[in-house]
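Novice: First the structure, which I've put down as structure tokens, then a few questions once you've had a look.
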Amino acid sequence: MPILKIAKIGHPILYQKALPIDKFDKNELKQLVANMCETMLDANGVGLAAPQVHVNKKLIIFRTPDVIEDESENQNKEEKLELNVLINPSYTNNSDDFEDDWEGCLSIPGMLGKVRRYKKITYRGYDLQGKLINKTVDGMHARIVQHECDHLNGILYLARLADPRDFGFTEEINKYYKVQNEKI
Ligand code: NI
């Protein structure tokens, strides 16, 4: 599977509105998802939106922590990252509560920003088989979905900084703050 080229800040595709996908379960779409996964893993990212690989479609992929409990081994918990595919995603906020936290973006390499996001959201979208997915989530999961949905609306996290000064080189930010360095 090929690793795709990631569009960087300044490329016009990152500022366009993505188009909805009307046909699911097509080989072309499956191939795109497989290539996006390969690209995201190669770049050590936890999320990727189709416009970031120059495809102007409403499609996002992301990884979320998934705790698997192994009952036979008594309290043996294994944390795995689950891969999610969401076609034509949308979300609503469950309240006006927000949270500020650091984010990186594969399209803004080497930089971090402290971004304001809704704490808890309910999102919906479809998987590759056309099955409806509807989830209420909070924390990092909610943050990733909001970040990726923004990509589909041509919005980069810079537009949502908690404060304009909350942005800088990963190297510098890591020096002065304790930061979880997730690229999404
Ligand atoms: Ni991003």
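Novice: Given the condition part of a strand (DSSP E or B), modelled with pLDDT of 95 or more and open to solvent by 70 Å² or more (accessible area, probe 1.4 Å), answer yes or no: does some residue in segment 53-76 qualify?
Specialist: Scanning segment 53-76 turns up at least one residue that is part of a strand (DSSP E or B), modelled with pLDDT of 95 or more and open to solvent by 70 Å² or more (accessible area, probe 1.4 Å).
Novice: Taking L83, is it assigned to a strand (DSSP E or B), in contact with a Gly (Cβ under 8 Å, 6 or more places away or on another chain) and hydrophobic (A, V, I, L, M, F, W, C)?
Specialist: Numbers: assigned to a strand (DSSP E or B): yes; in contact with a Gly (Cβ under 8 Å, 6 or more places away or on another chain): no; hydrophobic (A, V, I, L, M, F, W, C): yes.
Against the criterion (assigned to a strand (DSSP E or B), in contact with a Gly (Cβ under 8 Å, 6 or more places away or on another chain) and hydrophobic (A, V, I, L, M, F, W, C)), L83 does not qualify.
Novice: Okay, moving on. What pairs come up if the first residue lies in segment 106-118 and is in contact (Cβ under 8 Å) with a residue 24 or more places away in the chain, the second is within 10 Å of the ligand (Cβ to nearest atom) and of a type in the set (S, T, Y), and their beta carbons are under 6 Å apart, counting only those six or more places apart or on different chains?
Specialist: Once the first residue is in contact (Cβ under 8 Å) with a residue 24 or more places away in the chain and sits in segment 106-118, its partners that are within 10 Å of the ligand (Cβ to nearest atom) and of a type in the set (S, T, Y) give G113/Y157; V115/Y157.
Novice: Go through segment 115-184 and tell me which strands (runs of 3 or more DSSP E), entirely inside it, have 2 or more residues that are over 26 Å from K30 (Cβ atoms), open to solvent by less than 80 Å² (accessible area, probe 1.4 Å) and away from the ligand (no atom under 15 Å from the Cβ). First the steps, then the outcome.
Specialist: Details: elements: 120-126, 132-138, 167-169.
Correct list: 120-126.
Novice: I need the full set of residues from segment 9-52 which are part of a helix (DSSP H, G or I), in contact with a Leu (Cβ under 7 Å, 6 or more places away or on another chain) and farther than 24 Å from L81 by Cα, in order please.
Specialist: L14 - this is the single residue of segment 9-52 that is part of a helix (DSSP H, G or I), in contact with a Leu (Cβ under 7 Å, 6 or more places away or on another chain) and farther than 24 Å from L81 by Cα.
The values are calculated or read from the model by the stated rules, or taken from the named source; none is laboratory data. Note that the coordinates shown come from a computational prediction; the quantities given were computed from them, not determined experimentally. Note: ideal-geometry Cβ built from the backbone for every residue, glycine included; neighbour counts use all protein chains shown. Quick note on the areas: whole protein, heavy atoms, side chains included, nothing else; ligands and nucleic acids left out. Shrake-Rupley method; radii C 1.70, N 1.55, O 1.52, S 1.80 Å.
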